Amino acid sequence: MNFTRAFVTICMQMGDEINLVEKSRIMDGSRMKRALSRLASEIVEENHGAKDLYLVGIRRRGVPLAERLAEKIEVLEGTRPLYGIMDITLYRDDLSTVGANPIVNRTELDADIEGKTIVLVDDVLYTGRTIRAALDQLMDFGRPKKVQLAVLIDRGREHRELPIQADFIGKVVPTKQTEIIKVMLKEFDDIEAVGIFERPAE
Amino acid sequence: MDKPFRRRDLLGIRELSAAEITGILDTAENFREISNREIKKVPALRGKTVINLFFESSTRTRTSFELAAKRLSADSVNISIASSSLSKGETLIDTALNLDAMAPDCIVVRHSSAGVPHQLAQVSRAAIVNAGDGANEHPTQALLDAMTIREHKGTIAGLNVAIIGDILHSRVARSNIHLLTKMGAKVRVAGPRPLVPPDMAYFVEKDLFVMPRIEDAIDGADVVMILRIQRERQDSAFFPTLREYAIHYGLTQERLDLAQKDAIVLHPGPMNRGIEISSDVADSSRSLILDQVKYGVAVRMAVLYLATGGVASGE
């Protein structure tokens, strides 16, 4: 019986994260706030208002970002867009790979997506694989009119492993593969910031 | 034989810690929503094979496991005793090795003898999930009971749970006693004398009490768990007649009134109406029998997912 082994693996991964060294700070709290305000404006401009707009945050860090965008859109348009949460674990393409340790969380798409303009919201766009999983899951829930993607950070097209681009981008940050971008939000972290991290040299 | 990396069996509740139980339950919570979708299917176990190997008849458990596998996109195959080679004289181990040669990822097994899943786990490379072995354990039943209790009571710790009926033969009782006491509940068992081992209290380290009368067990209980009277054993003189059982040990509204006002009633099914549980209790809003069945699919989805490589919530 070995439900514990995974526990150790996760603890090791968390340990790894603690050892990361921050190389540079890309955004602080107020820059992040301004970027989100601009994203909210772009989303309603592009879609001619908030009618039939449905924001879907991708767990984990897409969730508070989608919530904040929904609030900002409500201020701009007077109506709050629909809002949902998506966990893509069960749609990942690396579920059977050794070392993948997928924890399942809940998907909450309570309102029908049929005929809606869906805006998927995530913190970082990197390989595009998360978005592929999100799109597949979304289609299992119905047939939206349109699906768009909003991300706070785009690590650049050269990292993309699938033909997926964002419609709304907070900031494009060219990075190396060895670097890690962390979007820190008060819901999960002590601070509000975006930084580039790297593992210390062995 | 070498087991593949990350293979995990679920042989019983006894081997699990409270943290592991919580992890499975939390994972199951997150699988519940899938059964409410229009397309009740996620691709998580696509390409995985699950064999349901049932040496004992079962409708609910087998269907529940089968649906769980299908909703995760696994391919599932059902083998029941009538169609198996065992009726042609093959040994259990040979059957297991033959199935193993077809490279399933998980074998869900039910057998009338205790320890069969443990034996299979030693020879098979597939993850083994115990779906009931003799009078030993029925871990997924205890997990779905726990999920039902958590849903209605918020937590298991500190609750008083009465388990009533044929404790002696019940794997449901054993798995539940392990689970509930590990999670901090107090368990009181009662039933006809010949069906309640008198030294049962030593079965677990703490918090298990054998009560002389079922009224004592139900008194002030938060959860009343009724076990099925196994009619197939009715001849064995454990109690005189079914009618007598109903009179002395059946859960009636009058007896249920001894429990807490908001007490809930559980039954693993299939229930014998009018024997271990009266129809008015079974159909009342206190009875959560159909909730148990509903959560059963989510629990089994979580168990299959974890057995084939997923990680429990909170780990």
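The values are calculated or read from the model by the stated rules, or taken from the named source; none is laboratory data. Predicted model only: the values in this text are computed from it and were never measured. Here the Cβ is made from the backbone with ideal geometry for all residues, glycine too, and neighbour counts use every protein chain on show.
Numbers below:
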quantity	calculated
Positions within the stretch B:8-32 being of a type in the set (Val, Ile, Thr) and either more than 8 Å from chain A (Cβ to nearest Cβ) or part of a loop (DSSP other than H, G, I, E, B) (or both), in sequence order	B:ILE13, B:ILE21, B:THR22
Conditions (1) without any contact (Cβ under 8 Å) to a residue 24 or more places away in the chain; (2) β-branched (Val, Ile, Thr); (3) crowded, with 22+ Cβ neighbours inside 10 Å: number failed by B:ILE247	(3)
Scope the stretch A:103-135; condition in contact (Cβ under 8 Å) with a residue 60 or more places away in the chain and on the phi > 0 side of the Ramachandran plot; matching residues	A:GLY115
Condition check for B:LEU266: touching a residue at least 40 places away in the same chain (Cβ under 8 Å), surrounded by 13 or more Cβ atoms within 10 Å (Cβ to Cβ) and not polar (S, T, N, Q)	yes
Scan of the stretch A:142-171 for residues that are over 21 Å from A:GLY57 (Cβ atoms) and outside any loop (DSSP other than H, G, I, E, B), ordered by number	A:ARG157, A:GLU158, A:HIS159
Top-ranked residue in the stretch B:206-222 [being assigned to a loop (DSSP other than H, G, I, E, B) and of a type outside the set (A, V, I, L, M); ranked as surrounded by the most Cβ atoms within 10 Å (Cβ to Cβ)]	B:ASP222
Single unsatisfied condition, B:LEU11 versus (1) modelled with pLDDT under 95; (2) under 18 Å from the mean Cα position of the chain (by Cα); (3) under 23 Å from B:GLY132 (Cβ atoms)	(1)
Residue identified as closer than 27 Å to B:GLU33 by Cβ, within 14 Å of chain B (Cβ to nearest Cβ) and either over 17 Å from the mean Cα position of the chain (by Cα) or of a type in the set (Val, Ile, Thr) (or both) among A:ILE85, A:ILE73	A:ILE85
Some residue of the stretch B:119-141 being assigned by TED's automatic domain parsing to the domain that holds B:LEU45, among the hydroxyl-bearing types (Ser, Thr, Tyr), within 22 Å of B:ALA173 (Cβ to Cβ) and not in a helix (DSSP H, G or I)	no
Members of the stretch B:41-69 that are touching a Ser or Thr at 6+ places or on another chain (Cβ under 8 Å) and either surrounded by fewer than 16 Cβ atoms within 10 Å (Cβ to Cβ) or assigned to a loop (DSSP other than H, G, I, E, B) (or both)	B:LYS41, B:VAL42, B:PRO43, B:ALA44, B:LEU45, B:ARG46, B:GLY47, B:LYS48, B:PHE55, B:GLU56, B:SER57
Test: residue in the stretch A:64-83 that is surrounded by fewer than 19 Cβ atoms within 10 Å (Cβ to Cβ), of a type in the set (Val, Ile, Thr) and either out of contact with any strand residue (DSSP E or B) (no Cβ under 9 Å at 6 or more places or on another chain) or not in a strand (DSSP E or B) (or both)	yes
Enumeration of residues in the stretch A:126-148 that are within 23 Å of A:LYS176 (Cβ to Cβ) and touching a strand residue (DSSP E or B) at 6+ places or on another chain (Cβ under 9 Å)	A:TYR126, A:THR130, A:ILE131
Among (1) modelled with pLDDT under 95; (2) among the β-branched types (Val, Ile, Thr); (3) farther than 16 Å from A:GLN148 by Cα, the one test that A:ILE113 misses	(3)
Residue ID - farthest from B:THR241 (Cα to Cα), chosen from residues in the stretch B:174-205 that are in a loop (DSSP other than H, G, I, E, B) and of a type outside the set (A, V, I, L, M, F, W, C)	B:GLY184
Selection from the stretch B:223-243 of residues that are buried (at least 16 other Cβ atoms within 10 Å of the Cβ) and not in a loop (DSSP other than H, G, I, E, B)	B:VAL223, B:VAL224, B:MET225, B:ILE226, B:LEU242
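A quick yes/no check of all residues on (1) within 30 Å of B:LEU72 (Cα to Cα); (2) assigned by TED's automatic domain parsing to the domain that holds B:LYS40; (3) hydroxyl-bearing (Ser, Thr, Tyr):
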| site | (1), (2), (3) |
| --- | --- |
| B:HIS248 | no, no, no |
| B:THR252 | no, no, yes |
| B:LEU256 | no, no, no |
| B:ALA263 | no, no, no |
| B:ASP283 | no, no, no |
| B:ARG286 | no, no, no |
| B:ALA302 | yes, yes, no |
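Per-residue answers, yes or no, for (1) within 12 Å of chain A (Cβ to nearest Cβ); (2) of a type in the set (S, T, N, Q); (3) touching a helix residue (DSSP H, G or I) at 6+ places or on another chain (Cβ under 8 Å):
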| site | (1), (2), (3) |
| --- | --- |
| B:ILE34 | yes, no, yes |
| B:ARG46 | yes, no, no |
| B:GLU56 | no, no, yes |
| B:ARG60 | no, no, yes |
